[in-house]
Amino acid sequence: MPIASEMTAFDSAKALFSRYAESLQLEKRYPGRRLHERLTLPDRSVEFRLTLQLDRGDTLITQGYRVQFNDDRGPYKGGLRFHPLVDLEEVKALAFWMYLKTAVVEIPFGGAKGGIRVDYENLTLAEKERLTKKYVLVLGDEIGPEKDIPAPDVNTGEREMAWIMDAWRMHHGRYERGVVTGKPVAVGGSQGRTSATGRGVFFCIEEAAREMKLDLAQCAAAVQGFGNVGRHAALFLHQAGVRVTAVSDVHGAIRNSQGLDIPGLIRHVQEAGQVAGFKGGDSFARDDLFFEPVDILVPAALENAITAERAERIQARLVAEGANGPTTPDAIALLGEKGVTVIPDILCNAGGVTVSYFEWVQNRQEFYWSAEQVDHELRAVMVRAYRQVAAEAASQRCTLREAAYRLAIARVADAAHRRGAQ
């Protein structure tokens, strides 16, 4: 196995799986099925060239990816990210985590992920649309409402999902709203989808705080990343009376020990494009956010943000992983030694895929729910999943992360076994 400094995100994902699967004794329970190997190899990995003529006449040549990791429990499901650092190993890791995530919250999907290696923010609007639609046309029949259903992720949102639905419609000659989730409500999206991941993070924090006997109204929090997940998590914490004292994004960080005005900060970011310059807080070094004297830390950006070096200096009692894979394996061990409670990503940020499932159900029925119903059902799913994980952790005397992995792996292994060896 690679040393920690050389581990890819996929190496880390497999290492955690192997660590937590060991006690399940999959080979003893399902002799001859080689389920450990089956569950750590993707069903299909697609890597392809994308060529885009830019508005100024130049040609952009880059790479696109789609990994369909496991569909033992249902159709492949997973987001689509457009970012300069996207590569196949990252996409495989994200698809791996997704099939575990859907198993933790017990929704009938598998796991997939996709991406394009591109500086998406610097493309024109017309270039963005052409690139997104070309991605769909290259994949062709690889995506569909009963096979593989994309959703938003880093640098994609409801606009891109509407483009994907339109490109799929043009390719197949029919409307099928359930081909993608995270769409605008006007074209079949679900109420509450945009805020779902952040709301799910908050529901998990509420449950953990209840167990830890933390009064949220007396707590302070720091949020790393102010994209869709971090922004909504910060807003829900603020509305619950938590002092959100520090926030960061890719450009910088701000803090206010008395608590930031989160609605005001959201308005500022919508206008300025970054947290820096907000008059209600003082700027400080972005990476120092992890070390703020807070009760709750929400990493809500990219993978491997919390390293062992950073974990040693974290003061928070509760870490809620709003991002996928934000904590390296050695940092996970250090936080455990320090007694920090960590709500793992495959549970904590599952609100997005849960409401994506609700959207898919609504699309198949062509019957749509109110925002209140969506929030009610999301809370029910997240609270049930958290309590199942917490009960497993208590009975096995293990961390929430190990408990979540144990439950997810056991559920997928059982489904794989029942489907047969072929």
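So the values come out like this:
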| quantity | calculated |
| --- | --- |
| Of residues in region 158-194 being under 18 Å from ARG81 (Cα atoms) and at pLDDT below 95, the one surrounded by the fewest Cβ atoms within 10 Å (Cβ to Cβ) | THR194 |
| Criterion (part of a loop (DSSP other than H, G, I, E, B) and assigned by TED's automatic domain parsing to the domain that holds GLU211) met by exactly one of GLY264, GLY259 | GLY259 |
| Matching residues, region 224-240, being on the phi < 0 side of the Ramachandran plot, of a type in the set (Gly, Ala, Ser) and not in a helix (DSSP H, G or I) | GLY227, ALA240 |
| Among (1) out of contact with any helix residue (DSSP H, G or I) (no Cβ under 8 Å at 6 or more places or on another chain); (2) closer than 22 Å to ALA95 by Cβ; (3) small (Gly, Ala, Ser) - the single one SER18 does not satisfy | (1) |
| Test: residue in region 241-255 that is of a type outside the set (A, V, I, L, M, F, W, C), over 30 Å from GLU146 (Cβ atoms), under 21 Å from the mean Cα position of the chain (by Cα) and part of a helix (DSSP H, G or I) | no |
| Hits in region 359-375 (condition: touching a residue at least 12 places away in the same chain (Cβ under 8 Å) and either of a type in the set (Gly, Ala, Ser) or closer than 14 Å to GLY74 by Cβ (or both)) | TRP360, ARG364, SER370, ALA371 |
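The values are calculated or read from the model by the stated rules, or taken from the named source; none is laboratory data. The structure presented is a predicted model; accordingly, all values stated were derived computationally and were not measured. Heads up, the Cβs are rebuilt from the backbone with ideal geometry, glycines too, and the neighbour counts pull from every protein chain shown.
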